[in-house]
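Here the structure is laid out as structure tokens; the discussion comes afterwards.
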Amino acid sequence: VQLQAFGGGLVQAGYSLRISCAASGGTLSGYTVGWFRQAPGKEREFVARIKYTGGSASVADSVKGRFTISKDTAKSTVYLQMNSLKPEDTAVYYCAATRVVWSSSRDEAYYNYWGQGTEVTVSS
């Protein structure tokens, strides 16, 4: 499975942006798709995850109430809708896929397939 993240860009604080993760070369059925981000000088961190088959989804506490993860199985795409963006949301955002059990799917170490990342910059 190949993943491609896209849709990043420069946006002002308080505005919204939706980034996408498109899959090709196979099905995401049975996978959990996660979004992670890495800010300059910081470690990569979990942002959100969704079961591609089924309805389970969750986001990190740092983005709760502002970010929403969703999917369109017809398009083999997972989205991250980011509202009320803050300068501290500036990072490279990566999507990834794993078959690990849900309880472990916040841990990037379990993810086998990664997209190339899309950069999001939030100006103050």
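Listed values, structure above:
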item	result
Total residues in region 83-118, condition within 15 Å of the chain's Cα centre (by Cα), outside any loop (DSSP other than H, G, I, E, B) and of a type in the set (Asp, Glu)	2
Output for region 24-34, where each listed residue is surrounded by 18 or more Cβ atoms within 10 Å (Cβ to Cβ) and touching a helix residue (DSSP H, G or I) at 6+ places or on another chain (Cβ under 9 Å)	Leu28, Thr32, Gly34
All positions within region 10-50 that are under 12 Å from the mean Cα position of the chain (by Cα) and farther than 16 Å from Tyr93 by Cβ	Thr32
Qualifying residue in region 40-61 (condition: touching a residue at least 60 places away in the same chain (Cβ under 8 Å), surrounded by 14 or more Cβ atoms within 10 Å (Cβ to Cβ) and not in a helix (DSSP H, G or I))	yes
Failed item, numbered, when Arg37 is tested on (1) over 23 Å from Trp102 (Cα atoms); (2) buried (at least 18 other Cβ atoms within 10 Å of the Cβ); (3) of a type in the set (Lys, Arg)	(1)
Residue within region 67-76 that is open to solvent by less than 70 Å² (accessible area, probe 1.4 Å), touching a strand residue (DSSP E or B) at 6+ places or on another chain (Cβ under 9 Å) and touching a residue at least 40 places away in the same chain (Cβ under 8 Å) present	yes
Any hit, region 91-102, residues being among the small types (Gly, Ala, Ser) and either surrounded by fewer than 21 Cβ atoms within 10 Å (Cβ to Cβ) or touching a Cys at 6+ places or on another chain (Cβ under 7 Å) (or both)	no
Val100 vs. criteria β-branched (Val, Ile, Thr) and closer than 16 Å to Gly7 by Cα	no
Yes/no for Gly7 being at positive phi and over 11 Å from the mean Cα position of the chain (by Cα)	yes
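The values are calculated or read from the model by the stated rules, or taken from the named source; none is laboratory data. As the structure is a computational prediction, the values presented were derived from the model and not from experiment. Cβ coordinates were reconstructed from backbone atoms using ideal geometry, including for glycine residues, and neighbour counts include every protein chain displayed. Surface areas here come from the heavy atoms of the whole protein model, side chains and all, with no ligands, DNA or RNA. Shrake-Rupley method; radii C 1.70, N 1.55, O 1.52, S 1.80 Å.
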